[in-house]
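Inspection log for the structure reproduced underneath, given as structure tokens.
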Amino acid sequence: MKIDDVEVIPISSTRPEGEGIGDARGFGRTRETTLLRVETDTGTVGWGEAFAPGRIVDATFEELFRDDVVGMDPFDVESLADDAYTDSYHFAGNVFSQSVVSAVDVACWDIIGKTVGRPVHRLLGGEECQTLTPYASTMYFTETDRPIEEPMQAAVDEGFTAAKIKIGTGVDEDTERVRVAREVLGDDATLMVDMNGNYRPRQAIKTAKAIEPYDITWIEEPVPPENDSGYREVKRHVDTPIAAGEAHYGRFEFKHLIDDRAVDIVQPNLGRCGGFSEARLIADMATTENVAVRPHIWNSAVGLAAAVQFAASVSRYPNTRNVPEPMMVEFDRSENPLRTDILETPFDPTGGVLDVPQEPGLGVSVDEAAVEQYRS
Ligand SMILES: [Mg+2]
């Protein structure tokens, strides 16, 4: 089997003026990402996503990857990342190269799964897994003033039992947002916070201590992703678990987070970290330091499908049979047609349970006509 054709498909969707949403770093109205449609000489089609802007992905793919990927056997997928690190040498440790590797890798695993008739999570060594626990990513900062409890109430009404909210704009506002979130969500639910790396260590520590009474399951990106010493400083002073990884890519960056236990939870994005092959290496490394793995998802439905398959495959080490710890997957609650409109059957997180597709490959059918509507 050989790859015959690869199409890079940039997609985007823009919200109306004034309806931007955001995090502590600012607002945005446009969601954009890039799909990869890979077809083999047997007619099997695989899908992947590079979680990066289309024109950059296109140029990177054409310049560094097309000649090697077209003609490649998808079953050789695990050599892809190694080749990308070594062949392109000076460019390999680069987020755009790694995003392209992610898309090709995920598409190859989709093809392998479709060829052998198994969902990817079983190919990656995971046990049978029917459901995961989705958590609502919500309470974004909004461009126009809106009651902050509204989106959390909506998540509760949909049946979510776990949620993550945006903070990171000063200890007083942070504490108020967490207080409101906990009140609406209830005492038994799981609550996480995301600072999006907007703080210096001391600011992050101050907020972390102020919100400790609200039983926070993790604090995400307290300091910028490149601030290794900042992560270590936060960890020394804060009891709440620390998470990071959405802005990291490739096994070598994750090794820094894992080796020193700079974080308690790593969050690879399947459209950026290097795909399934690299995510599995990262997850294996994480087990050696007893660091948990919870994928980051702010992607289109294709990246979401990849993350769901990956999450379903992650090792349950250490065996927590006596203290069950659900595998949680991020489920963005902002309006995003790239997530809701491009599959024939969209993912449905209502009721606080997310079904893991059991069909071969990614287990989803991409609606190509819908994809065309969002091509940019
Ligand atoms: Mg985040």
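Before moving on, here are some points about what is shown:
- For the chain, built as a Gaussian network whose Cα springs stay under 10 Å, the top-fluctuating residue of 17, 359, 344: 17
- When the chain is treated as a Gaussian network with alpha carbon springs shorter than 10 Å, the biggest mean-square fluctuation among 306, 279, 52 belongs to 52.
- Rounded to the nearest 10 degrees, the angle from helix 301-313 to the longest Cα principal axis of the chain is 80 degrees.
- Helix 228-237 axis, angle to the chain major axis (alpha carbon atoms, nearest 10°): 40 degrees
- A 1.4 Å probe run over the protein chains yields, for the range 247-376, 40 Å² of accessible area per residue, whole-number rounding.
- Computed [θ] at 222 nm, deg cm²/dmol, the chain (DSSP H ≥ 4; -39,500 (n - 2.57); rounded to nearest 500): -11000 deg cm²/dmol
- Equivalent ellipsoid semi-axes, the range 173-236, via Cα gyration tensor eigenvalues times 5, rooted, Å: 23, 10, 10
- Length, then width, then depth: along the principal axes, the Cα atoms of the chain run 58, 43, 41 Å.
- Applying both filters, DSSP loop and at most 13 other Cβ atoms within 10 Å, to the trypsin sites (Lys or Arg not before Pro) of the range 198-252 eliminates every site.
- Sparse-neighbourhood loop sites, GluC sites (Glu not before Pro) in the range 165-274 - DSSP loop, at most 16 other Cβ within 10 angstrom: 226
- Going by accessible surface with a 1.4 Å probe and the largest first, 215, 367 read 215, 367.
- For the chain, the longest principal axis of the C-alpha atoms and the axis of helix 275-288 are separated by about 50°.
- Burial ranking of peptide ranges 260-268, 285-293 (average Cβ count within 10 Å, highest at the top): 260-268, 285-293
The values are calculated or read from the model by the stated rules, or taken from the named source; none is laboratory data. Quantities reported herein were computed from a predicted structural model and do not represent experimental measurements. So basically every Cβ, Gly included, is an ideal-geometry build from the backbone, and we count neighbours across all protein chains shown. Please note that ligands, DNA and RNA were not included when accessible areas were found on the heavy atoms of the full protein model with its side chains. Shrake-Rupley method; radii C 1.70, N 1.55, O 1.52, S 1.80 Å.
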